[in-house]
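Nothing in this text is a laboratory measurement; each read-out follows from the coordinates by a stated rule. This one's a predicted model, so the numbers in the text were calculated from it and none came from an experiment. Here the Cβ positions follow ideal geometry from the backbone for every residue, glycine too, while neighbour counts run over all protein chains shown.
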Amino acid sequence: MRRSRLLVLTSALLATASFQGNAVQAQQTAKLEQVASFPHQVTGVAVASDGRIFVNFPRWTEDSPVSVAEVKGGKLVPYPDEGWNTWRNARKDEMTPNDHWVCVQSVVAKGGFLWVVDPAAPALDKIVKGGPKLVQIDLATNKVVRTFPFDERSAPEGTYLNDIRFSPDGEWGYLTDSGRGALLVINVKSGDIRRVLDGVSSTQAEKTVQVKTDGKVLRRPDGRAPVFNADGIELSTDGETLYWQAISSRTLYSVPTAALRDAQLSGQDLEARVKKEGDTVPADGLWMSAKSGFYVTSPEDDSVKRRGADGKLATVVQDKRLRWPDSMAEGPDGALYVTSSRIQDNSWFKPQSPISLKTELWRFAPPR
């Protein structure tokens, strides 16, 4: 009788171990493929409906010679032209900031256009007056068609415009401010810009969260840990719910976009409509794919994770080459693109690092 019980117990344990092993294996079945490497620190990526790829390089530790580029055959082609990319910090008194890239943070392809977010705060320091802007470029003609400037009311000092998403009809844009911590709502037709949820808890870093990389708390040489406020942003596929998260946080938040569009709603009433979606990891980029689900980039463990309907995260791809997986985009074939910005390796945290940090763009096919 004892022998029988032992055999049953052993079989059950083996079956459980086998199931767990398969589950872990199923979580990470994506194969990472390098698309391009760059001699500068990349953050944003966008992929157009025809497969064209665009990236951007913020002026954080170097006066980069290119800010926005199209990737062609692995090479960078300044976009939309050389002129927009001629800004140099050392010549800022000689150049107009409204029609040059000053410090671009993100690029998004939507509705036949490339949208470029320029917070115009080199080195994450003071804003260059007249520089913060959202620029709309026609992908068919490669010409700028409209610029949305951010004044001191919508982007006060300390603001760092981060990323943007657009409603399905293209009439509304929603941005995060990772500097002061806020959301911005843009009426694309009228050009009206409103700043909302400014300084509230959902757009701020969580004081108990310190971002770790390589198993250690990320710190500057003087011991200071960086604080990252509202950063990653994404819309539900129907456009009815906006999601966002501070990097220095383990909480994903959401709010109905109808509430964001309602200019008559008080700040207090809007904040009351914010919902805690659940626990997550310190995440930089968020991506919602109609084909394969909701993804978050996880700098702490060099991975991209998928968030299930139950709110649980499963690792899709994990690779040491994904040092600080940053922004994401999706190709027409459903492949996901992710930049590796190597923030933990730049000279803010490692003074011995070169100011021109080499980075990469990767892609992977999501597992079914």
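A cut-off under 12 angstrom between Cβ atoms defines the neighbours of THR203, and their net charge, with Lys, Arg +1 and Asp, Glu -1, is -3.
For the stretch 350-358, the Karplus equation 6.51 cos²θ - 1.76 cosθ + 1.60, evaluated at θ = phi - 60°, returns couplings of 10, x, 7, 6, x, 5, 9, 8, 6 Hz by residue, with Gly and Pro reported as x.
Here's the list of lysines a cross-link from LYS275 could span, going by alpha-carbon distance under 20 Å and ignoring same-chain residues fewer than 8 apart: LYS207, LYS312.
Peptides 307-313, 119-125, 77-83: what's the order by average Cβ count within 10 Å, highest mean first?
119-125, 77-83, 307-313
Rounded to the nearest whole Hz, the Karplus-based 3J(HN,Hα) values (6.51 cos²θ - 1.76 cosθ + 1.60, θ = phi - 60°) of the stretch 234-241 follow the sequence 7, 10, 5, 4, 8, x, 8, 9, with x at glycine and proline.
Think of the stretch 30-364 as a dipole: +1 on every Lys or Arg Cβ, -1 on every Asp or Glu Cβ, centred on the Cα centre; then among LEU139, VAL55, PRO156, VAL55 lies furthest on the positive end. Taking other residues whose beta carbon is less than 12 angstrom from the beta carbon of ASN56, and scoring Lys, Arg as +1 and Asp, Glu as -1, yields -3.
Each residue, ARG224 and GLU33, gets one label point 7 Å from its Cα in the Cβ direction; the gap between the two is 4.3 nm. Computed over neighbours whose Cβ is under 11 Å from that of GLY278, the net charge equals +2, Lys and Arg +1, Asp and Glu -1. For the stretch 77-94, putting each phi into the Karplus relation 6.51 cos²θ - 1.76 cosθ + 1.60 with θ = phi - 60° gives couplings of 10, x, 10, x, 6, 5, x, 5, 9, 8, 4, 9, 4, 5, 10, 4, 7, 9 Hz, in residue order, rounded to whole numbers and with x for Gly and Pro.
Taking a straight line from the alpha carbon of LYS320, these aspartates and glutamates sit under 16 Å away, with near neighbours fewer than eight places off in the same chain left out: GLU33, ASP214, GLU300, ASP301, ASP302, ASP345, GLU360. Here's the picture: charge each Lys and Arg Cβ at +1 and each Asp and Glu Cβ at -1 in the chain, and of LEU114, ALA272, ALA258 the one pushed furthest to the positive end of that dipole is ALA272. Ranking of VAL108, VAL42 by neighbouring Cβ atoms within 10 Å, starting from the fewest: VAL108, VAL42.
For mean projected area of the Cα convex hull in nm², the candidate list reads (i) 17.7; (ii) 31.6; (iii) 21.3; the entry that matches the value derived from this model is (iii). By the rule of a C-alpha distance below 17 Å, with chain neighbours fewer than 8 residues away ignored, the aspartates and glutamates paired with LYS126 are GLU62, ASP63, ASP93, ASP118, ASP151, GLU152, GLU157, ASP177.
Using the alpha-carbon centroid of each, what span in Å lies between the stretch 174-214 and the stretch 299-330? Using only Cα atoms to place each centre, the spacing works out to 21 Å. Magnitude of the charge dipole for the chain, about its Cα centre and with charges confined to Cβ atoms of Lys, Arg (+1) and Asp, Glu (-1), is about 1380 debye.
By the count of other C-beta atoms within 10 Å, a proxy for reagent exposure, LYS320, LYS129 are ordered fewest to most as LYS320, LYS129.
Between the helical axis of 2-27 and the longest alpha-carbon principal axis of the chain there is an angle of about 10 degrees.
Measure up LYS143/LYS305; LYS110/LYS358; LYS129/LYS305 against 30 Å on the Cα-Cα distance and list the ones that go over. With Cα atoms farther than 30 Å apart: LYS143/LYS305; LYS129/LYS305. With the charge dipole of the chain set up from +1 on Lys and Arg Cβ and -1 on Asp and Glu Cβ about the Cα centre, the Cα lying farthest toward the positive end among the listed residues ASN187, SER67, ALA36 is that of ALA36. Using only alpha carbon pairs under 8 Å that are at least six residues apart, calculate the relative contact order of the chain and give it in whole percent. Value for the chain: 16 percent. Listing ASP93, ASP214 from fewest to most neighbouring C-beta atoms within 10 Å gives ASP93, ASP214.
Packing around the peptides 335-341, 153-159, taken as the average count of other Cβ atoms within 10 Å per residue, puts them in this order, highest first: 335-341, 153-159. Once the Cβ-Cβ distance of PHE349 and LYS189 is raised to the sixth power relative to R0 = 41 Å, the FRET efficiency obtained is 0.45.
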